[in-house]
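Following: one structure in structure tokens, then a few remarks.
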């Protein structure tokens, strides 16, 4: 992926280095176990990490003033550039439809950080909080991608950010509110099915970003799309469940299967049309 030298976003907030898990060193293995435990058993990742690391998890009580990442931090510059590229893509798309794109903030943190959606922690992976319109990411997640999923390309890492920006697009478009209402009124099985459609649409929106960004700025290089598809496949619900428990439980899916995530990302990147991303009207996901 061609990104160096491109514009960096001013909407990045660096909260790293301010405490996290009370100064204890948390390994990638512990983070993965906590993430899987949270995903399948509904236990707080912070609780699992506390048990595995031998002590209570202490949340940083105060946040230092918001600051930009240091200029010499290559990975921080990368995510800042990707965020800027999503801004340069979604701004015109919204403008062409007569709307204004509200830019999200991207927060870099280590360990734990307070959010409008509750405590954010490393074990949860990157996430979007509609309450404060911020994307949260601990850059250690990219090491997890390399170690666990064998995915390391820049474009695959950019896909992660673009997916979370896709959730922001859903929020400011009113889609997320409708989905939340539907989830509250249905059964757990129905709520999970709606969540899958929401996640697959965010995958498709990530593809829409890639289509327009490449057409405008020629960011894609050979192998980039294949690496993003590999990342999408690796984090499908069926792949994660098979890896962790040896079998799959379709009714518990919340993000979609590997094949579904690949298919919807491909739909977005092949045509770049928002109308192609209507997972809620699709007869087959």
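How many residues are on the phi < 0 side of the Ramachandran plot and crowded, with 19+ Cβ neighbours inside 10 Å if we restrict to segment 111-120?
Final tally of qualifying residues: 3.
Say whether the condition of being more than 12 Å from the chain's Cα centre (by Cα) and free of Cβ contacts under 8 Å to residues at least 40 places away in the same chain is met by at least one residue in segment 153-161.
Within segment 153-161, not a single residue is more than 12 Å from the chain's Cα centre (by Cα) and free of Cβ contacts under 8 Å to residues at least 40 places away in the same chain.
Check 198, 240 and return the single one that is assigned to a helix (DSSP H, G or I), modelled with pLDDT under 85 and in contact with a helix residue (DSSP H, G or I) (Cβ under 9 Å, 6 or more places away or on another chain).
So the residue among 198, 240 that is assigned to a helix (DSSP H, G or I), modelled with pLDDT under 85 and in contact with a helix residue (DSSP H, G or I) (Cβ under 9 Å, 6 or more places away or on another chain) is 240.
Is there a residue in segment 259-281 that is part of a helix (DSSP H, G or I) and modelled with pLDDT under 85?
Scanning segment 259-281, I find no residue that is part of a helix (DSSP H, G or I) and modelled with pLDDT under 85, so the answer is no.
Restricting segment 121-151 to residues that are assigned to a loop (DSSP other than H, G, I, E, B) and on the phi < 0 side of the Ramachandran plot, which is surrounded by the fewest Cβ atoms within 10 Å (Cβ to Cβ)?
Applying the filter and picking the extreme gives 131.
Those residues that are touching a helix residue (DSSP H, G or I) at 6+ places or on another chain (Cβ under 9 Å) and modelled with pLDDT under 90, I need them from segment 7-21; list them, please.
20, 21
So residue 181 ticks every box in (1) over 18 Å from residue 261 (Cβ atoms); (2) in contact (Cβ under 8 Å) with a residue 60 or more places away in the chain; (3) in a helix (DSSP H, G or I) but one. Which box is left unticked?
The failed condition is (2).
Determine if segment 218-226 includes at least one residue that is over 27 Å from residue 280 (Cβ atoms), at pLDDT below 90, within 16 Å of the chain's Cα centre (by Cα) and part of a helix (DSSP H, G or I).
No; the residues of segment 218-226 include none that is over 27 Å from residue 280 (Cβ atoms), at pLDDT below 90, within 16 Å of the chain's Cα centre (by Cα) and part of a helix (DSSP H, G or I).
Name the pairs whose Cβ atoms lie under 7 Å apart, with the first residue in segment 110-128 and closer than 9 Å to residue 138 by Cβ, the second at pLDDT below 90 and surrounded by fewer than 15 Cβ atoms within 10 Å (Cβ to Cβ), and 6 or more positions between them or separate chains?
Between residues of segment 110-128 that are closer than 9 Å to residue 138 by Cβ and residues that are at pLDDT below 90 and surrounded by fewer than 15 Cβ atoms within 10 Å (Cβ to Cβ), the close pairs are 110/17.
Out of all the residues in segment 152-163, is one or more part of a helix (DSSP H, G or I) and surrounded by fewer than 18 Cβ atoms within 10 Å (Cβ to Cβ)?
Checked segment 152-163: no residue is part of a helix (DSSP H, G or I) and surrounded by fewer than 18 Cβ atoms within 10 Å (Cβ to Cβ).
The values are calculated or read from the model by the stated rules, or taken from the named source; none is laboratory data. These numbers were taken from a predicted model, which means no experiment stands behind them. We place every Cβ from the backbone using ideal geometry, glycine too, and count neighbours over all the protein chains shown.
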